[in-house]
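Structure first, commentary second.
The values are calculated or read from the model by the stated rules, or taken from the named source; none is laboratory data. Everything numeric here is computed off the predicted structure, so don't read it as measured data. Cβ placement follows ideal geometry from the backbone for every residue including glycine, while neighbour counts extend to all protein chains displayed.
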C-alpha cells in the first residue's frame with residue numbers, strides 16, 4: 001500500500017518546516033517531488049538530499065502570493081513532468097494580533113499568505129489535474145481553523161485557516177467530477193522556523209500541557225502519515241475530510 005513510484009507530488013512552502021518534512025516523507029514512498037518556495041537555495045539543498053534517495057526532484061522558486069508566478073510555476077512543472085498527481089498547499093505565514101489591535105496591513109498579509117495563496121495554487125494545478133482526470137489536493141490548515149484559543153491573539157490566522165477548511169469542502173465538491181479529491185490536515189503545535197520562538201517559552205509550554213491531551217508538541221514527521229494516506233490511491237473515496245493532527249486539542 002501507499003506506493004508513490006512514478007507519482008508527481010507538488011509541495012508549496014517546501015523550503016523548511018512541515019513542507020520539508022512532508023517532502024522527505026513522500027520521497028521515502030518513492031514519489032517524484034516538486035519543491036516550491038521563495039528561498040531557492042534551501043530548495044536546492046533539499047532537492048539534493050531527496051535526489052540521493054533515488055527520486056526526481058525539481059526545485060521551483062515561487063512566491064505563492066503572486067498569481068502570475070504561480071501560473072508560471074505550474075507551466076514549468078507540466079512541461080517537466082507532463083502531469084501532477086498530488087498537490088500539497090503548505091506555504092503560509094501570519095502576523096499575530098487581536099481584533100482590536102490588528103492593522104489593515106497585518107490582516108491583509110495574513111489573509112493573502114494563508115488563504116488567497118491556496119486559491120492561486122489550487123487553481124493553477126487543478127487545471128493540470130483536470131486534463132488527466134486524476135488528482136489529490138491536500139491543504140495544510142490548522143487546528144486554529146476549527147477553534148479559538150486563549151493563549152495568543154491571532155484573529156487573522158484563525159480566519160484564514162477557517163477559510164482554508166471550508167474552501168477544502170467547496171473544492172472537494174466542485175472537482176469530484178474530474179476524479180480529483182481535496183482534503184485538509186489541521187496540525188496542532190509543531191515546532192517550525194515560524195513557531196519555535198513562541199512554543200519554546202515556559203508560558204506557552206504550560207498552556208500546551210494544560211490543553212493538549214497527549215501533553216506534548218508534535219514531533220517532526222508526525223504529519224507525514226496523514227498526508228501520505230490522503231494522497232494515496234487507497235484514499236480514492238475520501239474527499240472533503242478535515243483531519244486534525246493535534247494531540248487531541250480539538251477533542252476537548
Which of (1) within 24 Å of residue 103 (Cα to Cα); (2) part of a loop (DSSP other than H, G, I, E, B); (3) without any contact (Cβ under 8 Å) to a residue 12 or more places away in the chain does residue 147 not meet, given it meets every other one?
(3)
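Based on this model, can you work out whether residue 180 counts as in contact with a strand residue (DSSP E or B) (Cβ under 7 Å, 6 or more places away or on another chain), closer than 27 Å to residue 24 by Cβ, modelled with pLDDT of 95 or more and crowded, with 17+ Cβ neighbours inside 10 Å? If you could, list the steps in order and put the result at the bottom.
Numbers: in contact with a strand residue (DSSP E or B) (Cβ under 7 Å, 6 or more places away or on another chain): yes; closer than 27 Å to residue 24 by Cβ: yes; modelled with pLDDT of 95 or more: yes; crowded, with 17+ Cβ neighbours inside 10 Å: yes.
Spelling it out, residue 180 is indeed in contact with a strand residue (DSSP E or B) (Cβ under 7 Å, 6 or more places away or on another chain), closer than 27 Å to residue 24 by Cβ, modelled with pLDDT of 95 or more and crowded, with 17+ Cβ neighbours inside 10 Å.
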Kindly indicate whether residue 250 is in contact (Cβ under 8 Å) with a residue 24 or more places away in the chain, closer than 17 Å to residue 149 by Cβ and either surrounded by 14 or more Cβ atoms within 10 Å (Cβ to Cβ) or out of contact with any strand residue (DSSP E or B) (no Cβ under 6 Å at 6 or more places or on another chain) (or both).
yes
Got at least one residue in the range 103-119 being part of a helix (DSSP H, G or I), surrounded by fewer than 22 Cβ atoms within 10 Å (Cβ to Cβ), in contact (Cβ under 8 Å) with a residue 12 or more places away in the chain and touching a strand residue (DSSP E or B) at 6+ places or on another chain (Cβ under 7 Å)?
no
Complete set of residues in the range 233-247 that are in contact with a helix residue (DSSP H, G or I) (Cβ under 9 Å, 6 or more places away or on another chain) and either outside any helix (DSSP H, G or I) or more than 29 Å from residue 86 (Cβ to Cβ) (or both)
238, 239, 240, 241, 242, 243, 244, 245, 246, 247
Taking the range 206-232, which residues are touching a helix residue (DSSP H, G or I) at 6+ places or on another chain (Cβ under 9 Å) and more than 20 Å from residue 251 (Cβ to Cβ)?
220, 221, 224, 227, 228, 231
Within the range 50-65, of all residues that are under 16 Å from residue 19 (Cα atoms) and either in contact with a strand residue (DSSP E or B) (Cβ under 8 Å, 6 or more places away or on another chain) or without any contact (Cβ under 8 Å) to a residue 24 or more places away in the chain (or both), the one surrounded by the fewest Cβ atoms within 10 Å (Cβ to Cβ) is 61
Scan the range 123-144 for residues that are under 23 Å from residue 78 (Cβ atoms) and assigned to a helix (DSSP H, G or I) and jot them down.
123, 124, 125, 126, 127, 128, 129, 130, 131, 132
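Kindly indicate whether any position in the range 81-98 is assigned to a helix (DSSP H, G or I) and either surrounded by 17 or more Cβ atoms within 10 Å (Cβ to Cβ) or at negative phi (or both). Please lay out each step first, then the result.
From the range 81-98, those assigned to a helix (DSSP H, G or I) are 81; that's our starting set.
Applying the additional criterion that residues be either surrounded by 17 or more Cβ atoms within 10 Å (Cβ to Cβ) or at negative phi (or both) yields 81.
Within the range 81-98, one or more residues are assigned to a helix (DSSP H, G or I) and either surrounded by 17 or more Cβ atoms within 10 Å (Cβ to Cβ) or at negative phi (or both).
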Residues to consider are 170, 151; find the one that is at pLDDT 95 or above and surrounded by fewer than 18 Cβ atoms within 10 Å (Cβ to Cβ).
170
